[in-house]
Structures are given as structure tokens and as C-alpha cells.
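Notes follow once the structure below has been shown.
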Amino acid sequence: MEDQSGPREQPEFEPNRDEIGPDSRVEDVDSDPELTDLPHDEPPEQPKDAVTTKVCSRCSVQSQTNGAFCPNCGRPFDHSRAGRSRTIKIVAIALAALVVLGGGATAIALSVAHNNEVVAQEVAAKQAQADADAESKRVAAAAAAKKAADDAKRALRKTSVAGIETSITADAQKRVTDGVLQGPITRSSCTPLGGGSTDDLTAITTTFTCIAVNVENADGSASGYRFSATMNWDDGSYTWHLGD
């Protein structure tokens with residue numbers, strides 16, 4: 001049969017005043033020097049040379065090692081340090097590359113500048129040589145032209161002397177006809193007086209001593225009548241007369 005009278009009240013628990021009285025006290029274990037010497041439950045210290053167990057996040061191999069890298073695959077256990085190390089390496093490589101590129105660019109620039117200077121010097125030297133060659137050719141051409149002109153003048157002077165001789169021969173033959181001179185007059189020959197020369201193109205006039213030949217000697221010499229002549233080279237005119 002179930003008890004229908006309702007829930008029963010539980011008697012309140014009261015401490016046994018005989019067990020814990022007003023004079024009772026709880027001992028402070030920590031304040032008791034004798035009790036504080038008792039051993040506590042503390043984790044044992046690991047020896048300094050103890051090997052730890054590490055699991056690689058890449059190959060999942062569990063290794064007994066104190067190293068920073070997995071013995072199996074070489075991946076570092078401390079990824080943050082590896083990342084920093086890689087970052088430092090990348091930065092260092094980038095800086096080194098910049099230094100190398102900068103130095104290379106500087107070297108290339110210096111090399112280009114040097115090559116340009118060398119090319120400019122070579123061009124200037126070639127131009128100077130070309131100018132010198134052109135000037136030398138110009139001087140040579142001018143000298144050749146002057147020599148040709150002088151040779152033409154000397155040839156013309158010889159022709160002029162021949163004209164004087166022809167005129168003196170004709171005059172002497174006429175004089176023979178007039179009974180003034182004895183013939184026969186075969187030819188005439190003129191020589192510059194006083195050591196002059198028809199080759200001296202600076203002379204404006206030249207005086208000649210001439211002979212109208214009427215006797216040819218066996219030794220190659222000749223004799224005849226003496227004439228004098230003067231040649232004006234500027235206008236190409238000349239004069240002559242019998243005697244000195």
C-alpha cells in the first residue's frame with residue numbers, strides 16, 4: 001500500500017555540538033611548519049637532456065627529438081619561426097638582387113658611357129684624319145695646278161724667244177738685201193743678258209743678246225751680226241735693234 005499521507009518532512013541536520021564545540025578550531029596546515037614540510041603532489045622535473053616527442057604536421061611522423069626540424073621530411077616543427085626565416089631569406093635575397101641589379105645597371109651605364117666616349121673619340125679622330133687628308137689633297141692639287149700654270153708660262157716664254165729670233169733673222173736678211181749686211185743669214189740665236197733666265201717667272205722684262213748667223217764653223221760654233229732685244233712678259237711684246 002502506498003502512503004497517501006503526502007511527503008514526509010526530512011529532519012534538519014544539525015551538527016553535533018559535542019563533536020564541534022565553541023572551543024574547537026581547525027588547524028592551518030600551511031601555518032604549521034611541521035606540516036609544511038610534508039611532500040606535495042608536484043610534477044616531476046624533466047632532466048635537461050630528456051628527449052621530447054614531436055609530431056610533424058606534414059608527414060605525421062612521431063619522432064623522439066629535440067631538434068627544430070622533422071628528421072623524416074625536414075619540415076620545421078615551429079612554423080612561425082620557419083616562416084620568419086623564409087621571409088628574412090626572401091627579403092635578403094631581394095635586397096641582394098636589388099644591389100646586384102643596381103650595380104649591374106651602374107656598370108652598364110658606365111660601360112655605355114665609356115663606349116660612347118670611345119666611339120666619339122674614334123669618330124673625331126677619323127674626321128680629323130679625313131680633314132687632314134682633304135687639306136693635303138687640296139694643297140697637293142693647288143701645287144700641281146700652280147706647277148702646270150708655271151710650266152705653261154715658261155713654255156710660252158720659250159715660244160716668245162723663238163718669235164724674237166725669227167723676227168731678227170727676217171730683219172737681218174732684209175738688211176742683206178739692202179746691202180747693209182753680208183749674207184747669207186741662216187738663223188738667229190738669243191740668250192738672256194746678265195745671267196737671266198726665262199724660267200724666272202718673277203721677272204717682268206728680260207733683255208737678250210742675239211746673233212744673226214751668217215757663218216757656221218766646222219767646230220760647231222757660229223758667227224754673225226749682233227742684235228739686242230727686250231721682252232715684256234706682262235703684255236707679251238718685244239723690241240730689237242742691230243748692235244748692242
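The values are calculated or read from the model by the stated rules, or taken from the named source; none is laboratory data. Quick caveat, the model's predicted, so the values are computed rather than measured. Because the Cβ atoms are built from the backbone with ideal geometry, glycine has one as well, and the counts that use them run over all protein chains shown. Side chains are part of the model used for accessible areas, which takes the heavy atoms of the whole protein and leaves out ligands, DNA and RNA. Shrake-Rupley method; radii C 1.70, N 1.55, O 1.52, S 1.80 Å.
Of all residues in segment 228-244, which are of a type outside the set (A, V, I, L, M, F, W, C) and either surrounded by 11 or more Cβ atoms within 10 Å (Cβ to Cβ) or on the phi < 0 side of the Ramachandran plot (or both)? Let's see the steps before the verdict.
Residues of segment 228-244 that are of a type outside the set (A, V, I, L, M, F, W, C), as a first pass: 228, 230, 232, 234-239, 241, 243-244.
Those that are of a type outside the set (A, V, I, L, M, F, W, C) and either surrounded by 11 or more Cβ atoms within 10 Å (Cβ to Cβ) or on the phi < 0 side of the Ramachandran plot (or both): SER228, THR230, ASN232, ASP234, ASP235, GLY236, SER237, TYR238, THR239, HIS241, ASP244.
Is it fair to say SER136 is among the polar types (S, T, N, Q), surrounded by 10 or more Cβ atoms within 10 Å (Cβ to Cβ) and under 60 Å from the mean Cα position of the chain (by Cα)?
For SER136, the condition - among the polar types (S, T, N, Q), surrounded by 10 or more Cβ atoms within 10 Å (Cβ to Cβ) and under 60 Å from the mean Cα position of the chain (by Cα) - is met.
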- [ ] Quickly run through segment 191-202 and pick out the residues that are within 20 Å of PHE227 (Cβ to Cβ) and among the aliphatic types (A, V, I, L, M).
- [x] LEU193
Task: Residue among THR198, THR209, THR230 that is closer than 16 Å to THR159 by Cα and over 60 Å from the mean Cα position of the chain (by Cα) - done: THR230
Open item on the list: Looking only at segment 139-196, how many residues end up being of a type in the set (S, T, N, Q) and surrounded by 15 or more Cβ atoms within 10 Å (Cβ to Cβ)?
Closed with: 7
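Out of the residues in segment 212-227 meeting the condition of being open to solvent by 70 Å² or more (accessible area, probe 1.4 Å) and modelled with pLDDT under 95, tell me which one is nearest to LYS153 (Cα to Cα).
So the residue we want is GLU216.
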Open item on the list: Between a residue in segment 189-200 that is farther than 27 Å from ASN214 by Cβ and outside any helix (DSSP H, G or I) and any residue that is open to solvent by less than 80 Å² (accessible area, probe 1.4 Å) and not charged (D, E, K, R), which pairs come within a Cβ distance under 9 Å, given they are 6 or more apart or on different chains?
Closed with: SER197/ALA203; SER197/THR206; ASP200/PRO192; ASP200/THR206
